[in-house]
Amino acid sequence: MTTSVMIAFLPFGATTMSVRVRFAPSPTGHVHIGNIRAAIFNWLFARHHGGRFLLRIEDTDRERSTPEAVQTVIDALEWLRLDWDEPPVYQSAQRDRHLAAAEELLRKQLAYREDKGQEGRGECIVFRMPKRDISFNDAVKGLLRKNAEDLKDFVIVRSDGTPVFHLANVVDDIAMGITHIIRGDDHVENTFRHIALFEALEAPAPRYAHLPMIVNAQGKPYSKRDGAAYVGEFREKGYWPEALLNYLALLGWSPGGDREKMSREEMISLFSLDRVKSSPAQMDLRKLTHLNSLYVAEMPLETFIRHMREYTRRHEWAQKADPTLFERVAGLLQTRTPVFSQTEAWEHFFRDDITYDEKAVRKTLGQPGMRRVLETARACLTESDFSVAGLEAAVRRAAAASNLEPGRLNQPLRVAVTGSATGAGIFETMAVLGREKTLTRLQKAATLCAE
RNA sequence: GCGCCCAUCGUCUAUCGGUCAGGACAUCAGGUUUUCAUCCUGGUAAGCGGGGUUCGACUCCCCGUGGGCGCGCCA
């Protein structure tokens, strides 16, 4: 018999009780991807069980915990639509409660005052770890056990009178009625202490689930230097929240089988802690981007337009862009936009001057006789209407007139008109660009051509 | 150093003792397309090593090896 039976745990089955989980970030000015992933799992778990998802701001570090930093957390959650069910609890406001708990432990001889000498000035309050083994059944890692001799007493109130993380955390969880704690792997070792605290405070311990870390290619914790690491960065780079949510949910969890792309409703109904892996997962930006492009491609055009307006706002060319033209370009480029921030293919539609890709120019316009070929094309296009079909016919005529196979003229035209060798269909592009711009650019491009 | 945890294609994963070890990203080769991308078809690619248990092990156990986490008056 292990001692774990002596510790009161909340009932095992989530169905017979109302689930209350929490996301408890310390506001630092940014929300790390690993943290938000913990929030996602908590949220999915709560929604799956019809429970409550709560928010607790661990703002005990007064230096860093500015209102702006708190807002960053709120923004991240709102952006991903991880809604919480009760007003946020601010840990800094719970101090009396924390200290009262410490006093109670002191009274019960479960904690003691001590002057540790070191940097401390005066006495701090130390929690007395029970002299026996502690074990608990982690929902993802299984039975975890720690021997008594590996568990040391620890400080719960500093000599300056401020409560330490462990105390605050447990006291708040009790006050908030938390039933399941779903958090990062790095907290596993703390759990033994926390369980002892729950017991000492005569509260049933919640069920624990420790999520594997998100790591980089070197197996180290994923950080800013490995690419985007904060929620805000993903947003800036133009990832769609549904795609990021989907991708992050798949990091360490899988519904089984081949399911990958899922709506949030599907994830909610499929989610379960026992399908969470216990090995670390490596972040793969390429897969995220691929998933994102799928989401972008399938969203309603109006939604795409709305977001592209937002993402292009900082570009000068977009500020004065004709709304109708903007919409037509969006229609042309939606399926080739992996992330909202990728606007290279947009720019030339809205500018008078275009920049030519040197390599593309050399390869196409640099061909002998190209100046005459373009002049012929320009003549044919001048006579054409600017519908897609009309343009295609005109280009075919121009190709024939220059003794070129059908299609051989397309790339030179593309480079002449857009400056680039890649892009949407050339007929569609010219149609959207319109007669005036197309013809002007063709004329201009002649100067870049070989004789 | 001590304690704990982890280990399937390059990456994310499926598999709950019996599978030609499946899917996705990436990659390669074809095809479609007016370019690129998309899309379609196909290919390369995995059970860390060694012992057990079992008729049978990726799956269970043990020992290695490798990696991670923890060991604060940080959170």
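The angle between the Cα long axis of helix A:67-79 and the main principal axis of chain A comes to about 60°, on a 0 to 90 degree scale. When both bridge partners sit in the range A:71-230, DSSP labels roughly 75% of those beta bridges antiparallel.
Residue pairs exceeding 31 angstrom between C-alpha atoms, taken from A:Lys237/A:Lys261; A:Lys237/A:Lys444; A:Lys237/A:Lys320; A:Lys116/A:Lys141; A:Lys287/A:Lys437: A:Lys237/A:Lys444; A:Lys116/A:Lys141; A:Lys287/A:Lys437.
Label point 7 Å out from A:Glu436 along Cα-to-Cβ: which residues of the range A:357-391 have amide N under 19 Å? Label zone hits: A:381-387.
The residue list A:Asn190, A:Ala139, A:Leu151 was ranked by how far each Cα lies along the charge dipole of the range A:139-205 toward its positive end, using unit charges on Cβ atoms, and A:Ala139 comes out on top. Inter-part distance, the range A:353-410 to the range A:412-451, computed on C-alpha centroids, equals 8 Å. Look at the alpha carbon pairs under 8 Å that are at least 6 residues apart: their mean separation over the length of the range A:150-207 gives a relative contact order of 34 percent.
If both residues of a DSSP beta bridge must be in chain A, then about 55% of such bridges are antiparallel.
Cα centroids of the range A:109-180 and the range A:188-267: 24 Å apart. Close amide H contacts of A:Asp138 (hydrogens built in the peptide plane, cut-off under 5 Å, sequence separation of 5 or more or a different chain): A:Leu143, A:Leu144. For chain A, the residue among A:Val164, A:Leu332, A:Leu409 whose Cα projects farthest onto the positive side of the dipole built from Cβ charges is A:Leu409.
About the centre of its Cα atoms, chain A shows a dipole size close to 880 debye [charges on the beta carbon of Lys, Arg (+1) and Asp, Glu (-1) only; nearest 20 debye]. Close amide H contacts of A:Tyr90 (hydrogens built in the peptide plane, cut-off under 5 Å, sequence separation of 5 or more or a different chain): A:Ile57. For the range A:296-308, the Karplus equation 6.51 cos²θ - 1.76 cosθ + 1.60, evaluated at θ = phi - 60°, returns couplings of 5, 5, 9, 6, x, 3, 4, 5, 4, 4, 4, 6, 5 Hz by residue, with Gly and Pro reported as x. Helix A:435-445 versus the longest principal axis of chain A: what angle, 0 to 90°, nearest 10, using Cα atoms? In chain A, helix A:435-445 runs at an angle near 80 degrees to the longest axis. For A:Ala148 and A:Thr335, FRET efficiency with R0 = 45 Å and r from the beta-carbon atoms, rounded to 0.05? E(calc), rounded to 0.05, equals 0.15.
The angle separating the long axis of helix A:33-48 from the principal Cα axis of greatest extent in chain A is about 80 degrees.
When the accessible area of the range A:369-423 is split by element with a 1.4 Å probe, what percent falls to carbon and sulfur?
48 percent
Once both labels are positioned 7 Å from their Cα atoms along Cα-to-Cβ, the gap between A:Thr422 and A:Asp385 label points is 3.4 nm.
Need one word for the range A:355-436: rounded, prolate or oblate. Basis is the Cα gyration tensor (sqrt eigenvalues a ≥ b ≥ c); a/c below 1.5 gives rounded, then a/b vs b/c decides. Here the range A:355-436 falls in the oblate category.
The charge dipole of the range A:53-182, taken about its Cα centre with unit charges on the Cβ of Lys, Arg, Asp and Glu (plus for the first two, minus for the last two), comes to roughly 660 debye.
How many angstrom separate the Cα center of the range A:309-332 from the Cα center of the range A:18-90? Cα centroid of the range A:309-332 versus Cα centroid of the range A:18-90: 34 Å apart. Here the sum of -39500 (n - 2.57) over DSSP H runs of 4 or more residues, divided by the residues of chain A, equals -13000 deg cm²/dmol at 222 nm, to the nearest 500.
The values are calculated or read from the model by the stated rules, or taken from the named source; none is laboratory data. Fair warning: this is a prediction, and the values are worked out from it, not measured in the lab. Methodologically, a virtual Cβ is constructed for each residue, glycine included, from the backbone with ideal geometry; neighbour enumeration extends over all protein chains shown. Remember, those area values only see protein heavy atoms, side chains included, never the ligands or the DNA or RNA. Shrake-Rupley method; radii C 1.70, N 1.55, O 1.52, S 1.80 Å.
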